[in-house]
Each structure stands twice: as C-alpha cells, then as structure tokens.
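Have a look at the structure below before the remarks.
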Amino acid sequence: MTEISINNKWKGIILVLLAAIFWGIAGTLAQYLFQIQGFNIEWLVVLRLLLAGFLMLLVNYSKERERIWAIWKNKNDIINLLLFSFVGMLAVQYTFFAAIIHGNAATATVLQYLSPMIILIYVVFKNKNLPKWNEAISVLLAIVGTILLVTHGQITKLSISSQALYWGIASAFTLAFYTLQPQKLLARYGSIVVVGWGMLIGGIGFSFIHPPWQFEGTWSISSIASFIFIVIFGTLLGFYFYLESFRYIKPTVASVLACVEPFTASILSVIFLNVTFGLPEWIGTLCILSTILITARKGSERETKEEKNEEKNEVLHEDII
C-alpha cells in the first residue's frame, strides 16, 4: 500500500513539473514569436484559446459525453462561467502576453507569480483579520522582490518599460481572479470542463475584437513549431497535467513545484533570447517565489488539520456503528 502511495506521489510530482516546464518554454516561445517573428498578440491569444479550448472539451467529451453540457443548465452557473471566461481566462492570457511583448518572458512570468500575495491580501481584508507575521513577511518579500526585479537594483529608475510593469502586475491580478472566482464551478463540474469552456468562450468573444484570420507575422519552420508547442504543450497538456496532478498530490505541493516555471522562462530567455538577468533580478525572483512557499505552508497546515478532523469523524462514525 505504501509503495503504491509513493508511486502515485511521484506521478503527481512529475506531472506538475512537466506542466511548469511546458509553461516556461511556452512563455519564452511567445516572446520569440512577438519580438523576432512579428506575430500579433491578439491573434495568438485568439488562436491559443480557441484551439486549446476546443481540444480540451473534445478530449473530455470522449470520456464523459453529455456531462460537459450540464454547466449550461443553470442560470447562475452560466453567468459565473461567462465572468470566468472573460475576466479570468481571456484577461490572464492577454495581460501575460502583453507583459511579454513589452518586456520579456522571464520578467512577465515572475511578476505573474505575485498573484498568491494578492490573494493573501484579499483574504485578510475579506475576513477582517490582521495579517499574521508570516503573512506580513510574505507581502514584504513580494514588494522587495518586485522592486529588485523591475529596477535592476537601481531604485531610482526602471530597468523595464512602464508598460511591461503595468501588464505584469495586471497579469498577477487577473490570475488571482482566475484562481478565486470559479471555485464553485470547479467543485460542481470539474477542472477540465470549466477551463475548456472558459478558453473556448474567451476565444470566441475575443474573435469579435480581433478575428482569427487577421494574421500578422512571419511563418517559418521555427515559428510553426513554436505555435504548435504553445497550443498543445503550453496550453492543452500544461493545464491538463497540472490539474491531473491534484489526484496524486496536494494543491499546495503543486503550487510550490510550479515555481519551476519562472526559473525555466528566465534561464531560456537568458540563453536563447539574450535577455539580461543579473543578480538583483535573481534575488527579486527568489523573494517573490518565497511568498508561494509561505502561502503553501499555511495551506498545507490547514489541509492537515482538515484531514485530521475527517479521520476523527470517521473514527466516531465507526464507534457509533
């Protein structure tokens, strides 16, 4: 029994690491398409959402058939799904790519990882509780990390454009919304259904602003391969592997392992795209990612307490029987 449990744990770890690496590579390839091949950001967002959403729902339909349509039978769920599709899914995709095109994949990815700090602040204000010491340290580290990342250690001036900073922080806020808003939908219908519909609806909606046939850029073997990787590996398999990992490991563990993504994007950007990433940037990155470790530790403690309570309830139930 223990051996099976260990094997499942390693399966979950491998799945989330693959997802994070795929995302990191996809971000770097997006920078390549934008800044070297001249691809249009709106076109890439539309095609990525349409294709990945359709494929995700198609795969899910082959397994669960009519269940993917159940989400359309409840009015409140439809409203929440539309809100998630546009303010969550579409917004997080667009702001992230905008941060890349105005800056680079490494900085955009790290800034997006400010979202756990934003969620933490939201929860503190929502519950009207003073932040605990570890929460205060988490916020402080996020602020220091961001300053180091965007100033190159020189506090008086930005090392990235103001647009890159704006879109990077906007990406963190939209990711926080993306994480918090669809919780009820995820519990009712499952991650694959909600994310698949969110992508497809977001892509269809954005098509009215930028039709998918309006393409700008240069097609080549490398750009075709990059586009396919972004859609298949960086979107479809990345999301699927990450969500599938929850079957074998806790979400808090998965969130920590997903920190491989910004490191992957940073290393690839430095090696292949000649992005300058010095000591201040690396220290800033570590500060921001450390907030995830703190948040995950708190979440892990909460999950452990919940598991103990469940075990106690099971024991009480057995005693009654």
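In whole Hz, with x marking every Gly and Pro, tabulate ³J(HN,Hα) for segment 25-41 from phi via Karplus 6.51 cos²θ - 1.76 cosθ + 1.60, θ = phi - 60°. With the stated coefficients, segment 25-41 comes to 5, 4, x, 5, 5, 5, 4, 4, 5, 6, 8, 10, 8, x, 5, 8, 4 Hz.
Recomputing percent of Cα pairs over 31 Å apart from the coordinates shown identifies the correct label among [x] 40; [y] 45; [z] 34 as [z]. Here the spin labels are modelled as points 7 Å beyond Cα on the Cα-Cβ line, and at Q183 and Q35 they lie 3.8 nm apart.
The shape of segment 45-137 comes out oblate: with a ≥ b ≥ c from the C-alpha gyration tensor, a/c is at least 1.5 while a/b does not beat b/c.
A DSSP coil position with no more than 15 other Cβ atoms inside 10 Å describes the following chymotrypsin sites (Phe, Trp or Tyr not before Pro) in segment 217-275: W219, F246. A straight line joining the Cα centroids of segment 226-278 and segment 78-97 runs 20 Å.
Exceedance of the 26 Å cut-off in Cα-Cα distance is limited, within the set K9/K128; K9/K63; K11/K73; K11/K75; K132/K250; K73/K250, to K9/K128; K11/K73; K11/K75; K73/K250. For segment 203-215, 3J(HN,Hα) computed residue by residue from phi via the Karplus equation (6.51, -1.76, 1.60; θ = phi - 60°) reads x, 5, x, 6, 5, 6, 8, 9, x, x, 8, 8, 9 Hz, glycine and proline entered as x. Note on the chain: GNM, Cα springs under 10 Å; of I143, I36, I271, the largest mean-square fluctuation is that of I271. Across segment 233-248, rounded Karplus estimates of 3J(HN,Hα) from the backbone phi angles (6.51 cos²θ - 1.76 cosθ + 1.60, θ = phi - 60°) give 7, x, 10, 4, 6, x, 5, 5, 4, 5, 5, 5, 5, 5, 6, 10 Hz, Gly and Pro being marked x. Amide H to amide H, with H built 1.01 Å from N, A258 comes under 5 Å of no residue 5 or more places away or on another chain. Distance from the Cα centroid of segment 193-219 to that of segment 5-75 is 13 Å (rounded to whole angstrom).
FYI, it's all coordinate maths here, none of it is from the lab. Everything numeric in this text was worked out from a predicted model, so none of it was measured. Every residue, glycine as well, gets a Cβ built from its backbone with ideal geometry; the counts of neighbours run over all protein chains shown.
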